[in-house]
Amino acid sequence: MMEILKSKENEIEVLKECGSNKQLCIALRKQVSDVQTAEDQVQQMISSSQEVDISLDEYKNFKMEFFGSLLENVKPCQILYKTLKFQQAQIMTEPTHRILGFEKDTDDLRCNAICNLVDVAITDDNKLLLTNYIGSNQKLYVYRECKEYEGEITFTSDPRGVAVIAGSDRAVVTLPNNKYIQFINTKQMKKEVKVDVKFECIAVSAGRDNIYVSGNNGTIKTLDTNGTILQSINHGETDIYFLLYDDIHEQFIVRFDNKLSCVKLDGTLVFSMHVSGRAEVTFDRQGDIYFGNYHTNNIQRISLDGENCEQMLNQDNGIHYPSGMCFNNDFTKLFVVNNDCKSVDVYKCK
């Protein structure tokens, strides 16, 4: 593992001298993922290692043909391993600034095809993914650097939800009409395996280790990153149209029609509130929740405990029937599927 990481480090040094800033940025992001993978493997090796002491349980009056039995005393491995994140926790970092407002960007994304854009996600290498939920044009649109049209992927059924698996080159798309999810290679932008989730899956969210798929009758299914169904839970009786998983607090932000809820994995309700219609939910850098109000044409921010809620964007800022939304990787821009699912508007964070 050290040899692999050292090789990657050497590649970064070469890119510093000869590569572009874009290539260096991608390589650094990949190195973060590689270091985390190495740490996980080290932790796994340590947790599965044991120290074994073997001693002789000697008989006092023994016969020559039998000396006694061997006793095995197993103890946990005594190696102490301090993870990189723990070491970094000792370093003072500059506090991140809270978003104070937004300014409309002139470079909005427009799609020339007949479209009904619903959900949006961003990859680690800064590609914007847009699902087009319409029978005559069943596509996922891809925009390079979040602004330049790169291509599209066509599906056998309408794609609706999309989520990127963090630290990987993979994304997941829901195909509710076929009750499938489909994996996407975000480097090559090619379809991979389809998985039958056995229910009308509408929304999808990805955590560190698992994928969460929600849909009709309040169903949420947990899958591993290979698509194996681990468990099924229920949060209510109505359809879930957007879903967001909070890795840190191990809870879901659930968007029903006209309702937003925050629910723990065991079903404990953190808060619930009335909202307008159905629209996306997303996190900012501080972990606050942003959600759209479809019929009242605005976007609000609420704290994780549900106590503090404020309006961040409205009709005066060009919000008109919002749907999907997400921040870019450095939280300097917000992308909003807007104008009744016909366009994607870009807002700069202040």
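The values are calculated or read from the model by the stated rules, or taken from the named source; none is laboratory data. Worth saying up front: this structure is predicted, and the values here are computed from it rather than measured. Virtual Cβ from ideal backbone geometry, glycine too; neighbours counted across all protein chains shown. These area figures cover heavy atoms from the full protein model, side chains too; ligands, DNA and RNA do not enter into them. Shrake-Rupley method; radii C 1.70, N 1.55, O 1.52, S 1.80 Å.
Some observations on this one:
- Single residue of region 239-248 satisfying the filter (in contact with a Lys or Arg (Cβ under 8 Å, 6 or more places away or on another chain) and either more than 17 Å from Thr282 (Cβ to Cβ) or not aliphatic (A, V, I, L, M) (or both)) that is surrounded by the fewest Cβ atoms within 10 Å (Cβ to Cβ): Asp247
- Scanning region 44-84 for residues that are of a type outside the set (A, V, I, L, M, F, W, C), at pLDDT 70 or above and over 30 Å from Met1 (Cα atoms) yields Ser55, Asp57, Glu58, Gly68, Ser69, Glu72, Asn73.
- For region 118-131, the candidate set comprises residues that are assigned to a strand (DSSP E or B) and in contact with an Asp or Glu (Cβ under 8 Å, 6 or more places away or on another chain); within that set, the residue that is nearest to Ser33 (Cα to Cα) is Lys127.
- Residues (in contact (Cβ under 8 Å) with a residue 24 or more places away in the chain, more than 17 Å from Phe242 (Cα to Cα) and surrounded by 14 or more Cβ atoms within 10 Å (Cβ to Cβ)) located in region 286-297: Gln286, Asn297
- Some residue of region 191-205 being small (Gly, Ala, Ser) and closer than 22 Å to Leu130 by Cβ: yes
- Which listed residue is modelled with pLDDT of 90 or more and over 24 Å from Thr219 (Cβ atoms), from Asp246, Asp316, Asp305, Asp239: Asp316
- Matching residues, region 217-229, being surrounded by 15 or more Cβ atoms within 10 Å (Cβ to Cβ) and either among the β-branched types (Val, Ile, Thr) or assigned to a strand (DSSP E or B) (or both): Thr219, Ile220, Lys221, Thr222, Leu223, Thr225, Ile229
- Taking residues in region 27-42 that are in contact (Cβ under 8 Å) with a residue 40 or more places away in the chain, and partners anywhere that are assigned to a helix (DSSP H, G or I), the pairs with Cβ atoms closer than 7 Å and at least 6 places apart or on different chains are Val35/Leu5; Val35/Leu84; Glu39/Leu84.
Results for (1) touching a Ser or Thr at 6+ places or on another chain (Cβ under 9 Å); (2) open to solvent by 40 Å² or more (accessible area, probe 1.4 Å); (3) without any contact (Cβ under 8 Å) to a residue 40 or more places away in the chain, shown as yes or no for each residue.
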| position | (1), (2), (3) |
| --- | --- |
| Asp125 | yes, no, no |
| Gln138 | yes, yes, yes |
| Glu152 | no, yes, yes |
| Gly167 | yes, yes, no |
| Arg170 | yes, yes, no |
| Glu192 | no, yes, yes |
| Glu200 | yes, yes, yes |
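- Listed conditions (1) part of a strand (DSSP E or B); (2) small (Gly, Ala, Ser); (3) under 27 Å from Leu334 (Cβ atoms) are all met by Ser232, apart from (3).
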